[in-house]
Amino acid sequence: MVIRISPKRIFIFLIGVSSALVLLHILGQVSRLAFGHGQLFGLIALFNLEEETNIPSFWSSFLWVIAAAIAAAIAAAIARLSRNAPRRDWLHWYGLAAIFYLFAMDETIQFHERLGGLFAKLLRMEGLHASGSLYYVWIIPALIFAVVVLLANAQFLLKLPRGVMLLMVAAGAIFITGSVGFELLEGPIDEAGGYMNLLYTGYVTCEEAFEMAGVSLLILSLLRYVEIVAPEVQIAVSDIASPGSPQANSSL
């Protein structure tokens, strides 16, 4: 049996599910803001993009897990099959997989907000106060982290096929625009007491939509890379090693 994977169809599916979740969130917020129905038997919270441990947050986490799994698989394949490949090549892929898994966990437990709380306490100890666009102080270490990751992987990205590189850069730009750009706009509103008002809700909707679109595009770029370097990938499920494999004469 041959299982064929179409990167384009998978991307369309991921965007479709993400769009549906964004639409359900919008309908819930219209109910809350326009009609004063903020519960609806828990359905609004269930699809609220701002909430934790609900369907959209688990979906975002799932997207990152997919990206991490593909990156880890690429790393393992390069390490095992490309004996002459530089060690740093597959280390870059493993590093990206680790970062993607980190983001997956953050989508459900939101430790970036806890990190922000720690930084806010440190600032208060120094007599400083986060305000304005930097009201969400976690943005500062997040931007530093993004720059460090970009610089550490710059040469690696330039070595990728041009189409894949452009997709990955676009995915990163879209995700950063959502996760950081819109947070810069939300901070002053929250500071002024306007948390989850109409404007804040609009920014949150755009933020989460951009993030899901960015990760979906990242998954497309990873699948495109697999399509280019290994168009015929076979997965064998068996307790018996193939005759030509190193394990052919051994058993577990």
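Bear in mind these aren't lab numbers, they're just calculated from the coordinates by the rules spelled out. Remember, it's a predicted structure, so these values are computed and weren't measured experimentally. Neighbour counts run over all protein chains shown; Cβ positions are idealised from the backbone, glycine included.
Among Leu151, Leu46, the ranking by other beta carbons within 10 Å of each residue's beta carbon, starting with the fewest, stands as Leu151, Leu46.
Report summary: the helix-based calculation at 222 nm, which adds -39500 (n - 2.57) for every DSSP H run with n ≥ 4 and divides by the residues of the chain, gives -23500 deg cm²/dmol.
Roughly how tilted is helix 198-229, in degrees to the nearest 10 and between 0 and 90, from the longest Cα axis of the chain? Helix 198-229 sits at roughly 10 degrees to that axis. Specify the angular offset, from 0 to 90 degrees and rounded to the nearest 10, of the alpha carbon long axis of helix 7-35 from the longest principal axis of the alpha carbons in the chain. Between the helix axis and the principal axis of the chain, the angle is about 10 degrees. For the chain, which longest stretch is free of loop sites, where a loop site is one of the GluC sites (Glu not before Pro) that DSSP puts outside H, G, I, E and B and that has at most 16 other Cβ atoms within 10 Å? Longest run free of exposed loop sites: 127-231.
The order of Ser61, Ser31, going from fewest to most other C-beta atoms within 10 Å of their C-beta, is Ser31, Ser61. A run of the chain free of exposed loop cleavage sites, with chymotrypsin sites (Phe, Trp or Tyr not before Pro) counted only in DSSP states other than H, G, I, E and B and at most 14 other beta carbons within 10 Å, reaches its longest extent at 42-194. Structural descriptor for the chain: relative contact order 22 percent, calculated from alpha carbon pairs under 8 angstrom and at least 6 residues apart. Helix 162-176 axis versus longest C-alpha principal axis of the chain: approximately 30°, rounded to the nearest ten. Once C-alpha pairs closer than 8 Å and six or more residues apart are averaged by separation and normalised to the residue number of the stretch 1-97, the relative contact order reads 16 percent.
So for Ile78, Ile5, Ile189, fewest C-beta neighbours within 10 Å to most, what's the order? Provide the component values of the computation, followed by the final result.
Working: Ile78 21, Ile5 10, Ile189 17.
Fewest-to-most Cβ neighbours within 10 Å comes out as Ile5, Ile189, Ile78.
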